[in-house]
Amino acid sequence: MKKLILAALTTTCALSVLAQGTVAFVNRSAGGTSHVWYGTPNQYQGNGINDVPSGSIDYAALGSHLVGTGGGGLAEAQHTFAQLLGAPGAGAAESSLLPGLGVTTFRTGAAAGNIVLVTSTFNNIPADAPVGTFQMVAWDNSSGLFPTWTQASVAWSAGLIFAGRSSLFTINNIGGTVNTPPGVEPGLTSFNIVVSPEPSTIALAGLGAAALFIFRRRKKSD
């Protein structure tokens, strides 16, 4: 009986994994090319003049640089992370998007501004779903403290790190048991990463409380 129960649980787990929707997460492919930039105080979303298909934004003229071309710890390829957020259906609200499994980093040289291919797996999107709503996010993890968007988004809202997000886009025929994982192009468009210009009141209050706590502990120890 125990063997039958274990076999049933194993089968259930396997089916659960197969039920997850998948997407090929890479922003440079035969379907198109978009880039992620850094170096300007304001965030921009939309394809640049050198993207495929080309857009109207001249990121370089705005003072931006491709992620992966920086030195001295500034937007270095291996320390800038990217993740894909998603939700089932077309036109889903941004607040409903959840991070997919699969965090990646950036490339250098001629491929700067582009990420290393990874398959994103979504627990909230059924396998072979007809359509989903997605968004790419990227952030600085040179500190090593923010390995996923869940942690990075909080730090960004507090103005502690550079981060950014693309505009929302849809992908049809999500990967699963029938469909192969589709790419994000040409739906994804370029964007740049910035320091959040207006840290939230809650975040600032939390930072202030932490600073006060540290100050009091130091004062007591003196």
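Every read-out reported here was derived from the displayed coordinates using simple, explicitly stated rules and does not represent laboratory data. What you are looking at is a predicted structure, and each value in this text was computed from that prediction instead of being measured. So basically every Cβ, Gly included, is an ideal-geometry build from the backbone, and we count neighbours across all protein chains shown.
Quickly rank 24-31, 178-185, 53-60 as a protection proxy: mean count of other C-beta atoms within 10 Å, highest first.
Listed from highest to lowest mean packing, they are 24-31, 178-185, 53-60.
Applying the Karplus relation 6.51 cos²θ - 1.76 cosθ + 1.60 with θ = phi - 60° to the range 74-79 yields 3J(HN,Hα) values of 8, 6, 6, 4, 6, 10 Hz, where x marks Gly and Pro. The phi-based Karplus calculation (6.51 cos²θ - 1.76 cosθ + 1.60; θ = phi - 60°) puts the 3J(HN,Hα) values of the range 38-49 at 8, x, 10, x, 9, 8, 10, 9, x, 5, x, 5 Hz, whole numbers, x for Gly and Pro. Taking H as built 1.01 Å from N, whose amide H comes closer than 5 Å to the amide H of Thr33, not counting residues under 5 places away? Those qualifying (amide H under 5 Å, at least 5 residues apart or on another chain) are Val52. The HN-Hα couplings worked out from phi for the range 104-121 by the Karplus form 6.51 cos²θ - 1.76 cosθ + 1.60 (θ = phi - 60°) are 9, 10, 9, 9, 10, x, 5, 9, 4, x, 10, 9, 7, 4, 8, 8, 8, 10 Hz, whole numbers, x standing for Gly and Pro. Please label the shape of the range 59-106 as rounded, prolate or oblate, based on the square roots a ≥ b ≥ c of the eigenvalues of the alpha-carbon gyration tensor (a/c under 1.5 means rounded; beyond that, a/b larger than b/c means prolate, else oblate). Oblate, since a/c reaches 1.5 and b/c is not below a/b. Note on the range 40-131: percent of Cα-Cα distances in each 10 Å bin, starting at 0 and stopping at the bin with the largest distance, equals 15, 34, 36, 15, 1.
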